[in-house]
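A.B. asks: Mind having a look at this structure? Questions to follow.
Derivation of every value follows stated rules applied to the coordinates shown; laboratory data play no part. As the structure is a prediction and not an experimental result, all values here were calculated from the model. Using ideal geometry, Cβ is built from the backbone for each residue, glycine included, and neighbour counts are taken over all protein chains shown.
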Amino acid sequence: MAEMCGNCRNYLDSRGICRAHPPTAKDDGSARWPSVSRSDWCGEYKVVPPPVNQGLRKLASA
Ligand code: SF4
C-alpha cells in the first residue's frame with residue numbers, strides 16, 4: 001500500500017486534515033489541523049491497523 005495521506009492512520013478523510021500533531025493556534029483564536037491531500041505524504045506516515053476480527057474477539061471474551 002502506498003505511503004500517502006489517504007492511507008495514513010493520521011488522516012481524517014471526511015475533512016481532509018492530518019491529526020499527527022495537535023492543531024496550530026491561529027490569530028483569530030481558533031486552532032486548526034493542517035489540510036492535506038490524499039496524495040500528499042510525510043515522514044510520519046502510520047499504517048492503519050487491520051480491522052478487528054469479531055470472531056477472535058468473541059472467543060477471547062468467552
Ligand atoms: S502522511 Fe503525514 S501528513 Fe499525511 S496524514 Fe500521515 S502523518 Fe499526516
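A.B. asks: Counting Lys and Arg as +1 and Asp and Glu as -1, each charge on the Cβ, what is the dipole of the chain about the Cα centre in debye, to the nearest 20?
C.D. replies: So the magnitude is around 340 debye.
A.B. asks: Counting only residues 5 or more places away or on other chains, whose amide H sits under 5 Å from the amide H of Trp41 once H atoms are built in the peptide plane?
C.D. replies: Counting only residues 5 or more places away or on other chains, the set is Cys5.
A.B. asks: By the scheme Lys and Arg +1, Asp and Glu -1, what is the net charge of all other residues having a beta-carbon under 11 Å from that of Lys46?
C.D. replies: 0
A.B. asks: Among the trypsin sites (Lys or Arg not before Pro) within the chain, which fall in a DSSP loop and have no more than 10 other Cβ atoms within 10 Å of their own Cβ?
C.D. replies: Sites meeting the loop and neighbour criteria: Arg15, Lys26.
A.B. asks: Which of Ala60, Ala25, Met1 sits farthest toward the positive end of the charge dipole of the chain, with +1 on the Cβ of Lys and Arg and -1 on the Cβ of Asp and Glu?
C.D. replies: Ala60
A.B. asks: Apply the a/c threshold of 1.5 to the C-alpha gyration tensor of region 1-48 and tell me whether it is rounded, prolate or oblate.
C.D. replies: Note, shape of region 1-48 comes out prolate.
A.B. asks: In a shell of Cβ-Cβ distance under 14 Å around Gly16, excluding Gly16 itself, what net charge do Lys and Arg (+1) and Asp and Glu (-1) give?
C.D. replies: Its environment carries a net charge of +2.
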